[in-house]
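Here is the structure we will look at.
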Amino acid sequence: MSTERNLSEPSATRQERARALAALGDPTRLGVVELLGAQDLSPDALAAALEVPGNLLAHHLKVLESAGLVRRVHSQSDRRRTYVQAVEGALDGLLPVPVALTAPRVVFVCTHNSARSVLAEALWRTASDVPVASAGTHPAAAINPSARKAARRHGLVIPEGVPQSSVAVVRPGDVVVSVCDAVNEELDPMPNPRIHWSVPDPASVGTDAAFDAAVDELRSRVTHLAPRVHRGRVSRSRPRR
């Protein structure tokens, strides 16, 4: 079913809302949607977080998918894995906004810190006054030239410099946003608040269209998250090593 709401057809809109609300009328399904409010999660992670068996979760995900509230995407790192995403706009007018976060800084992390994470950092600077940085688990030697070109096309500024290591950049209290499936699957456990966005790698395609699509998706994600992150005090604890 289409998730777009046609305001010129109020009866159809009411039916769509009723179907979505009916799908949400179960504690487990409501929990799934709440957990996906700012991040993408694998079915295994959802089952563990909600303490339900995998076969029962599969049933609930099928109901939510039929109602147009969630969808599944394959991991670009390990095609055997899938992530569940909230469908953008599907909850508009249905539920309260997610609980806000307070943090000294937001750090976007991808593998090489050469494309998605630096674009997300540039977008964040236009959307929030909360400090921001980016990093990579295996930083490249330089920022991808196509990412810089995409930034210019979209009126964004990527500062001069070289990609940085996540080990050196991430501090206690930072909200860590992984924008790369490989990072989410390999990043060591940390006490920081963690959010994951399953964003396709534009560098693997290499076209302007792929980089523009990445900017568009990241802009939508940043726009959704920025109002929910408020600036907090910087921790005096030592950085992670």
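Report whether or not Asp44 is in contact with a His (Cβ under 7 Å, 6 or more places away or on another chain) and modelled with pLDDT of 90 or more. Write out each step before concluding.
Values: in contact with a His (Cβ under 7 Å, 6 or more places away or on another chain): no; modelled with pLDDT of 90 or more: yes.
Answer is no for this residue.
Taking each residue of the range 79-108 that is polar (S, T, N, Q) and looking for partners that are assigned to a strand (DSSP E or B) and at pLDDT 80 or above with beta-carbon atoms closer than 7 Å, six or more apart or interchain, yields Thr82/Arg72; Thr82/Val73; Thr82/His74; Gln85/Val70; Gln85/Arg71; Gln85/Val73; Thr102/His230. Just to verify a result, which residue in the range 158-174, among those that are touching a helix residue (DSSP H, G or I) at 6+ places or on another chain (Cβ under 9 Å) and buried (at least 22 other Cβ atoms within 10 Å of the Cβ), is nearest to Ala142 (Cα to Cα)? Looking at residues that are touching a helix residue (DSSP H, G or I) at 6+ places or on another chain (Cβ under 9 Å) and buried (at least 22 other Cβ atoms within 10 Å of the Cβ), I get Pro163. Return a yes/no flag: does the range 151-159 have any residue that is outside the structural domain of Ala22 (by TED's automatic domain parsing), in contact with a strand residue (DSSP E or B) (Cβ under 8 Å, 6 or more places away or on another chain) and over 30 Å from Arg17 (Cβ atoms). Looking for residues that are outside the structural domain of Ala22 (by TED's automatic domain parsing), in contact with a strand residue (DSSP E or B) (Cβ under 8 Å, 6 or more places away or on another chain) and over 30 Å from Arg17 (Cβ atoms), one finds none in the range 151-159, hence no. Taking the numbered list (1) within 20 Å of Thr82 (Cα to Cα); (2) surrounded by 15 or more Cβ atoms within 10 Å (Cβ to Cβ); (3) of a type outside the set (Phe, Trp, Tyr); (4) modelled with pLDDT under 95 in turn, Asp181 passes all entries but (4).
The values are calculated or read from the model by the stated rules, or taken from the named source; none is laboratory data. Model, not experiment: these values are computed from the prediction. Methodologically, a virtual Cβ is constructed for each residue, glycine included, from the backbone with ideal geometry; neighbour enumeration extends over all protein chains shown.
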